[in-house]
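This report concerns only the one structure given below.
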Amino acid sequence: MPVPVGILRLPRGPEGGSRGFSPTSPRFQALLGGDTATQEARATLRRRYLQALAAARGRPTRFCLRAGVSVDAVFGAADVEAVAFQVDALQTPLGVQAAALLRYTDVLAYSFLLDRPLIK
């Protein structure tokens, strides 16, 4: 017996006849982010950020949190929605946690040492 599969339908566009948004609409243009140079700069920054996350995996990392608290942990991963960092061996003022999630909104900064430069 075939398994039913849900269908995702996009909302009607501003002109009413199509799904999604018209490429000429102000909303679509705002989502594009401007000119090509701006898009290239954003892509470069995103790539560098992802390289930094990949380089941090498995490394001892210091996280500076709100309220002036600093904690040390082994960096595990970061989720794609930018909600939380996954860390291991989190050392807090109250003790050590084997594994934990640190919310992005609570982290002001994080740092780790590199063996080699990220940028080529």
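Using a probe of 1.4 Å on the protein chains alone, the accessible area found for Arg62 is around 110 Å².
Rounded if a/c is under 1.5, else prolate if a/b beats b/c, else oblate: with a ≥ b ≥ c from the C-alpha gyration tensor eigenvalues square-rooted, which is the range 64-120?
Values: a/c = 1.57, a/b = 1.38, b/c = 1.14.
Prolate shape, in that a/c is at least 1.5 and a/b is the bigger ratio.
Taking amide H as placed 1.01 Å from N in the peptide plane, Ala78 has its amide H under 5 Å from the amide H of Gln86, each at least 5 places away in sequence or on another chain. The label-point distance for Thr105 and Gln86, in a model that sets each label 7 Å from Cα toward Cβ, rounds to 2.2 nm. Here Arg47 sits with roughly 130 square angstrom of accessible surface, probe radius 1.4 Å.
The values are calculated or read from the model by the stated rules, or taken from the named source; none is laboratory data. As the structure is a computational prediction, the values presented were derived from the model and not from experiment. Ideal geometry is used to build each Cβ from the backbone, glycine not excepted, and the neighbour counts take in all protein chains shown. Please note that ligands, DNA and RNA were not included when accessible areas were found on the heavy atoms of the full protein model with its side chains. Shrake-Rupley method; radii C 1.70, N 1.55, O 1.52, S 1.80 Å.
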